[in-house]
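Trainee: First, the structure itself, so that you have it in front of you.
The values are calculated or read from the model by the stated rules, or taken from the named source; none is laboratory data. Since the model is a prediction, treat every value here as computed from it, not as a measurement. We place every Cβ from the backbone using ideal geometry, glycine too, and count neighbours over all the protein chains shown. Just the protein is used for accessible areas: all its heavy atoms, side chains included, with ligands, DNA and RNA removed. Shrake-Rupley method; radii C 1.70, N 1.55, O 1.52, S 1.80 Å.
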Amino acid sequence: MAETNAHATGGGHSHPYHLVDPSPWPLLGAFSGGLLAVGAILFMHGSGWLLLALGFVAVLAVMAGWWRDVLKEAVRQKAHTPVVKLGLRYGMALFIASEVMFFAAFFWAFFDASLFPKEAIGGVWPPQNIETFNAFHLPLMMTLILLLSGTTVTWAHHAIIEGDRRTASVALGLTVLLGVLFSGFQIYEYSHAHFGFTDGIYPSTFFMATGFHGFHVIIGTIFLAVCWWRTVAGHFTPKSHFGFEAAAWYWHFVDVVWLFLFVSIYWWGA
């Protein structure tokens, strides 16, 4: 995606902003998202699984193509000036803030049900028919894994700042492995739960909060895996590595949310 040379003087730009040529990705992304939404609605009514699959694949294709062009702008065209990077930082910060609102809603539902248990569940929390997880068995292990991954991603950040690409790739690889390990433990935990999603307010709030967090762990793991590939390819420099910083911010956000989940849902709520 080439830059538009607005008010160019002497082969350069008279402004620090990045103006891009018309791109097909916003339009294709809108159509793909609409296809996915319609397919999901039809699937929930017993049909439309093919439309759902096509929409999902189309959304993934748009994401891959769009982000590929962003990487070209950053690495080949050097279009990400300090002002552009500042805008990217604001964008990532606002995105994480929007994610905080999702979890605020889930925690609100959990605390509303647990602090003021209704007569329908016997007026006690957790409900008497629910066998909860022991917070200091598998959940504690998962907590330690995420805390360790937060350490390794910080290690990778310092290595990139120091220009040590080899150490950064090793630290990032460890972070990705820890993310995969966490997801594996969560799948194991879910498979051994003594309650299902529709078994009452406790299972519903438990699976919504921890499951949505688990989805974020998967997305963050993929994000960091892409950063690992970019580190090996030499895309990051000590002064230009916002792609990694965005992934690190996201991962630390995931870590902090899990600490709240562990304390409030696994320990206090059980």
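Trainee: Given the criteria of a type in the set (G, A, S) and closer than 23 Å to Y202 by Cβ, does A135 qualify?
Mentor: Judged against the criteria, A135 is a match.
Trainee: Going through the range 162-190 one residue at a time, which ones are at pLDDT 95 or above and of a type in the set (G, A, S)?
Mentor: Correct list: A168, S169, A171, G173, G179, S183, G184.
Trainee: Additional query: What are the residues in the range 235-256 that are assigned to a helix (DSSP H, G or I) and open to solvent by 40 Å² or more (accessible area, probe 1.4 Å), if any?
Mentor: Matches in the range 235-256: W249, H252, V256.
Trainee: Only residues in the range 86-109 that are over 18 Å from P203 (Cα atoms) count as the first member; pair them with residues that are open to solvent by less than 60 Å² (accessible area, probe 1.4 Å) and among the hydroxyl-bearing types (S, T, Y), Cβ under 7 angstrom, at least 6 apart or cross-chain, and list the lot.
Mentor: Cβ pairs passing all conditions: I96/Y250.
Trainee: Take the residues in the range 84-124 that are exposed (fewer than 14 other Cβ atoms within 10 Å of the Cβ) and not in a helix (DSSP H, G or I), then tell me which one is nearest to the chain's Cα centre (by Cα).
Mentor: Looking at the filtered set, the residue picked out is F116.
Trainee: All but one of (1) out of contact with any strand residue (DSSP E or B) (no Cβ under 6 Å at 6 or more places or on another chain); (2) touching a residue at least 60 places away in the same chain (Cβ under 8 Å); (3) among the aliphatic types (A, V, I, L, M); (4) within 30 Å of K239 (Cα to Cα) hold for I130, so report the exception by its number.
Mentor: (4)
Trainee: Now, a different point. Which of (1) surrounded by fewer than 15 Cβ atoms within 10 Å (Cβ to Cβ); (2) hydroxyl-bearing (S, T, Y); (3) closer than 22 Å to Y266 by Cβ does T81 not meet, given it meets every other one?
Mentor: (3)
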